[in-house]
Amino acid sequence: MPNLTTEFLGQPKPPVQAIVFDFDYTLADSSRGVIACFNFAFGRLGLPLADDAAIRQTIGLTLHDALVMLGGKEYSRYTEEFTRLFVERADEIMADNTQLFDIVPETIAVLRDFGIRLGIFSLKYRYRIETVLKREHLLDAFEVVIGAEDVSEHKPNPTGLLMALERLNCVRENCLYVGDSLTDAKTAQRADTDFIAVLSGVTPQTAFEDYDVYAILEDVSGLLNLEPVRKLE
(Lines give C-alpha, C1' and ligand atoms only; values in the text may rest on other atoms or scores of the structure.)
Protein backbone atom coordinates (compact mmCIF):
# COMPACT_ATOMS: atom_id res chain seq x y z
CA MET A 1 0.00 0.00 0.00
CA PRO A 2 1.50 3.41 -0.88
CA ASN A 3 2.30 5.90 1.85
CA LEU A 4 -0.66 8.28 2.06
CA THR A 5 0.41 11.80 2.94
CA THR A 6 -1.99 14.63 3.78
CA GLU A 7 -0.09 17.87 4.39
CA PHE A 8 -1.34 20.23 7.08
CA LEU A 9 -2.47 23.42 5.38
CA GLY A 10 -0.51 25.94 7.43
CA GLN A 11 2.78 27.78 7.25
CA PRO A 12 5.69 25.77 5.81
CA LYS A 13 7.41 23.90 8.61
CA PRO A 14 11.11 24.57 9.27
CA PRO A 15 13.54 21.64 9.00
CA VAL A 16 12.83 18.91 11.51
CA GLN A 17 15.59 18.45 14.07
CA ALA A 18 14.00 15.80 16.31
CA ILE A 19 11.21 13.23 16.15
CA VAL A 20 9.58 11.59 19.15
CA PHE A 21 7.64 8.39 18.53
CA ASP A 22 4.90 6.56 20.33
CA PHE A 23 5.76 2.86 20.53
CA ASP A 24 2.81 0.45 20.34
CA TYR A 25 1.23 0.36 16.86
CA THR A 26 3.62 3.13 15.77
CA LEU A 27 6.96 1.33 15.83
CA ALA A 28 5.87 -2.12 16.98
CA ASP A 29 3.02 -4.60 17.33
CA SER A 30 2.65 -5.92 20.87
CA SER A 31 -0.99 -6.93 20.51
CA ARG A 32 -0.32 -10.65 20.92
CA GLY A 33 1.33 -10.05 24.28
CA VAL A 34 -1.25 -7.51 25.40
CA ILE A 35 -4.13 -9.88 24.63
CA ALA A 36 -2.45 -12.71 26.55
CA CYS A 37 -1.81 -10.46 29.56
CA PHE A 38 -5.34 -9.08 29.62
CA ASN A 39 -6.92 -12.50 29.60
CA PHE A 40 -4.42 -13.86 32.13
CA ALA A 41 -5.50 -11.12 34.53
CA PHE A 42 -9.20 -11.57 33.73
CA GLY A 43 -8.90 -15.31 34.34
CA ARG A 44 -7.17 -14.83 37.69
CA LEU A 45 -9.87 -12.35 38.73
CA GLY A 46 -12.66 -14.71 37.67
CA LEU A 47 -13.90 -12.29 35.02
CA PRO A 48 -15.01 -13.20 31.49
CA LEU A 49 -12.22 -13.26 28.93
CA ALA A 50 -12.30 -10.39 26.45
CA ASP A 51 -12.49 -10.59 22.67
CA ASP A 52 -9.14 -10.18 20.92
CA ALA A 53 -10.40 -7.39 18.66
CA ALA A 54 -11.83 -5.48 21.63
CA ILE A 55 -8.50 -5.68 23.48
CA ARG A 56 -6.64 -4.40 20.41
CA GLN A 57 -8.83 -1.29 20.51
CA THR A 58 -7.55 -0.49 24.02
CA ILE A 59 -3.84 -0.48 23.16
CA GLY A 60 -2.53 2.99 23.89
CA LEU A 61 -4.86 3.56 26.84
CA THR A 62 -3.97 3.27 30.52
CA LEU A 63 -4.93 -0.07 32.05
CA HIS A 64 -7.64 1.65 34.08
CA ASP A 65 -9.18 3.20 30.97
CA ALA A 66 -8.84 -0.07 29.09
CA LEU A 67 -10.69 -1.92 31.84
CA VAL A 68 -13.54 0.59 31.77
CA MET A 69 -13.70 0.40 27.98
CA LEU A 70 -13.95 -3.40 28.11
CA GLY A 71 -16.20 -3.89 31.11
CA GLY A 72 -17.80 -0.60 32.02
CA LYS A 73 -17.27 1.62 35.06
CA GLU A 74 -17.87 -1.27 37.44
CA TYR A 75 -14.58 -2.81 36.29
CA SER A 76 -12.65 0.18 37.66
CA ARG A 77 -12.70 -1.42 41.11
CA TYR A 78 -10.39 -4.13 39.78
CA THR A 79 -7.75 -1.67 38.54
CA GLU A 80 -5.12 -2.24 41.25
CA GLU A 81 -5.23 -6.04 41.23
CA PHE A 82 -5.66 -6.21 37.47
CA THR A 83 -2.58 -4.03 37.00
CA ARG A 84 -0.54 -6.23 39.34
CA LEU A 85 -1.54 -9.37 37.44
CA PHE A 86 -1.04 -7.77 34.02
CA VAL A 87 2.48 -6.59 34.91
CA GLU A 88 3.34 -9.96 36.45
CA ARG A 89 2.47 -11.76 33.22
CA ALA A 90 3.89 -9.05 30.97
CA ASP A 91 7.28 -9.34 32.68
CA GLU A 92 7.30 -12.96 31.54
CA ILE A 93 6.03 -12.75 27.97
CA MET A 94 5.64 -9.20 26.61
CA ALA A 95 9.07 -8.68 25.07
CA ASP A 96 8.97 -12.01 23.24
CA ASN A 97 5.52 -11.14 21.90
CA THR A 98 6.44 -7.66 20.65
CA GLN A 99 7.79 -7.24 17.13
CA LEU A 100 8.96 -4.09 15.41
CA PHE A 101 7.22 -3.38 12.11
CA ASP A 102 9.40 -4.51 9.20
CA ILE A 103 9.93 -0.99 7.89
CA VAL A 104 11.15 0.42 11.21
CA PRO A 105 14.89 -0.47 11.20
CA GLU A 106 15.53 0.99 7.76
CA THR A 107 13.41 4.07 8.47
CA ILE A 108 15.26 4.76 11.71
CA ALA A 109 18.61 4.31 9.98
CA VAL A 110 17.72 6.83 7.25
CA LEU A 111 16.37 9.37 9.74
CA ARG A 112 19.65 9.18 11.63
CA ASP A 113 21.53 9.64 8.34
CA PHE A 114 19.46 12.81 7.87
CA GLY A 115 20.89 14.04 11.18
CA ILE A 116 17.56 13.88 13.04
CA ARG A 117 17.61 13.15 16.76
CA LEU A 118 15.15 10.47 17.88
CA GLY A 119 13.19 9.68 21.02
CA ILE A 120 10.24 7.64 22.27
CA PHE A 121 7.41 8.58 24.64
CA SER A 122 4.96 5.80 25.40
CA LEU A 123 2.52 4.50 27.98
CA LYS A 124 4.51 1.26 27.88
CA TYR A 125 7.12 0.70 30.55
CA ARG A 126 10.49 2.01 29.46
CA TYR A 127 12.30 -1.19 30.40
CA ARG A 128 10.05 -3.21 28.09
CA ILE A 129 10.71 -0.85 25.19
CA GLU A 130 14.44 -0.91 25.82
CA THR A 131 14.43 -4.72 25.93
CA VAL A 132 12.87 -4.87 22.46
CA LEU A 133 15.14 -2.17 21.04
CA LYS A 134 18.23 -3.87 22.45
CA ARG A 135 17.18 -7.18 20.91
CA GLU A 136 16.79 -5.46 17.54
CA HIS A 137 20.11 -3.56 17.90
CA LEU A 138 18.30 -0.21 17.86
CA LEU A 139 18.65 0.96 21.45
CA ASP A 140 21.47 3.37 20.60
CA ALA A 141 19.38 4.96 17.83
CA PHE A 142 17.12 6.66 20.39
CA GLU A 143 18.66 9.31 22.60
CA VAL A 144 15.76 9.27 25.03
CA VAL A 145 13.07 6.72 25.93
CA ILE A 146 10.34 7.83 28.33
CA GLY A 147 7.86 5.27 29.55
CA ALA A 148 5.09 4.86 32.11
CA GLU A 149 7.47 4.65 35.08
CA ASP A 150 9.05 8.02 34.21
CA VAL A 151 5.98 10.25 34.58
CA SER A 152 3.38 10.73 37.30
CA GLU A 153 0.62 11.57 34.81
CA HIS A 154 0.09 9.67 31.59
CA LYS A 155 -1.05 10.64 28.11
CA PRO A 156 -2.74 12.80 27.01
CA ASN A 157 -0.91 14.77 29.70
CA PRO A 158 2.03 16.20 27.70
CA THR A 159 4.64 16.08 30.49
CA GLY A 160 6.48 13.07 29.08
CA LEU A 161 6.55 14.47 25.55
CA LEU A 162 7.83 17.83 26.76
CA MET A 163 10.46 16.01 28.82
CA ALA A 164 11.61 14.13 25.72
CA LEU A 165 11.81 17.31 23.65
CA GLU A 166 13.83 19.01 26.37
CA ARG A 167 16.29 16.12 26.53
CA LEU A 168 16.61 16.21 22.76
CA ASN A 169 17.35 19.95 23.05
CA CYS A 170 14.71 20.73 20.44
CA VAL A 171 12.34 23.68 20.27
CA ARG A 172 8.81 22.57 19.46
CA GLU A 173 8.74 24.30 16.07
CA ASN A 174 11.48 21.95 14.86
CA CYS A 175 10.03 18.75 16.32
CA LEU A 176 7.41 16.14 15.47
CA TYR A 177 5.47 13.67 17.57
CA VAL A 178 4.44 10.52 15.68
CA GLY A 179 1.66 8.25 16.91
CA ASP A 180 -1.25 6.07 15.89
CA SER A 181 -4.04 7.06 18.28
CA LEU A 182 -6.29 9.93 19.29
CA THR A 183 -4.56 9.88 22.67
CA ASP A 184 -1.30 10.62 20.84
CA ALA A 185 -2.97 13.41 18.87
CA LYS A 186 -4.30 14.98 22.08
CA THR A 187 -0.87 14.69 23.69
CA ALA A 188 0.79 16.55 20.82
CA GLN A 189 -1.94 19.18 20.82
CA ARG A 190 -1.46 19.85 24.55
CA ALA A 191 2.30 20.04 24.04
CA ASP A 192 1.82 22.47 21.14
CA THR A 193 3.88 20.14 18.95
CA ASP A 194 3.20 19.17 15.33
CA PHE A 195 1.65 15.71 15.10
CA ILE A 196 2.05 12.99 12.48
CA ALA A 197 -0.66 10.31 12.50
CA VAL A 198 0.20 6.84 11.25
CA LEU A 199 -2.43 4.29 10.25
CA SER A 200 -0.46 1.24 11.37
CA GLY A 201 -2.75 0.79 14.38
CA VAL A 202 -6.50 0.42 14.78
CA THR A 203 -7.48 4.10 14.52
CA PRO A 204 -8.95 5.01 11.10
CA GLN A 205 -7.94 8.10 9.16
CA THR A 206 -11.37 9.71 9.64
CA ALA A 207 -10.89 9.72 13.42
CA PHE A 208 -8.16 12.35 13.10
CA GLU A 209 -10.39 14.85 11.28
CA ASP A 210 -11.00 16.92 14.43
CA TYR A 211 -7.29 17.34 15.13
CA ASP A 212 -4.56 19.43 13.55
CA VAL A 213 -2.19 16.91 12.01
CA TYR A 214 0.78 17.84 9.90
CA ALA A 215 0.47 14.61 7.92
CA ILE A 216 -1.33 11.28 7.90
CA LEU A 217 0.85 8.35 6.80
CA GLU A 218 0.26 4.66 6.30
CA ASP A 219 3.32 3.94 8.46
CA VAL A 220 6.47 5.62 9.73
CA SER A 221 8.38 4.99 6.49
CA GLY A 222 6.34 7.85 5.01
CA LEU A 223 8.32 10.27 7.14
CA LEU A 224 11.17 9.91 4.68
CA ASN A 225 9.05 11.60 1.97
CA LEU A 226 8.22 14.72 4.00
CA GLU A 227 10.11 17.82 2.88
CA PRO A 228 10.83 19.22 6.39
CA VAL A 229 12.40 15.87 7.29
CA ARG A 230 14.53 15.65 4.16
CA LYS A 231 15.78 19.26 4.42
CA LEU A 232 18.60 18.19 6.71
CA GLU A 233 20.08 15.84 4.09
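Quick notes on this structure:
- Projecting label points 7 angstrom from Cα along Cα→Cβ for Arg56 and Thr206 puts them 1.8 nm apart.
- Under a model in which nothing but the beta-carbon of Lys, Arg (+1) and Asp, Glu (-1) is charged, the stretch 32-137 shows a dipole of about 220 debye around its Cα centre.
- Among Phe40, Thr26, Ala53 - extreme Cα towards positive end, dipole of the stretch 24-80, charges at beta-carbon: Phe40
- For the chain, the mean residue ellipticity at 222 nm estimated from helices alone is -10500 deg cm²/dmol, where every DSSP H run of n ≥ 4 contributes -39500 (n - 2.57) and the total is divided by all residues, rounded to the nearest 500.
- Whole-Å distance, taken between Cα centres, linking the stretch 129-168 and the stretch 60-109: 16 Å
- FRET efficiency for Leu47 and Tyr127, using Cβ-Cβ distance with R0 set to 25 Å, rounded to 0.05: 0.35
- Ranked by how many other beta carbons lie within 10 Å on average, peptides 93-101, 18-26 from highest: 18-26, 93-101
- Accessible area (Å², per residue) of the chain, counting only protein heavy atoms and a probe of 1.4 Å: 48 Å²
- Restricting the stretch 153-186 to GluC sites (Glu not before Pro) that sit in a DSSP loop and have at most 16 other Cβ atoms within 10 Å of their own Cβ leaves Glu153.
- Dipole of the chain computed with +1 at Lys/Arg Cβ and -1 at Asp/Glu Cβ about the Cα centre; of Pro14, Leu118, Gly71, farthest Cα towards the positive end is Gly71.
- The H on the amide N of Ile146, modeled in the peptide plane, is under 5 Å from the matching H of Ile120, Phe121, Ser122, each at least 5 residues off or on a different chain.
- Considering all different alpha carbon pairs of the chain, the Kirkwood hydrodynamic radius works out to 18.0 Å.
- Within the accessible surface of the stretch 24-81, defined with a 1.4 Å probe on protein heavy atoms only, the carbon and sulfur portion equals 50 percent.
The values are calculated or read from the model by the stated rules, or taken from the named source; none is laboratory data. Just so we're clear, the structure is a prediction, and the values are computed from it rather than from any experiment. No Cβ is skipped: glycine too gets one built from the backbone with ideal geometry, and neighbour counts run over all protein chains shown. All accessible areas refer to the heavy atoms of the entire protein, side chains included, with ligands and DNA or RNA removed. Shrake-Rupley method; radii C 1.70, N 1.55, O 1.52, S 1.80 Å.
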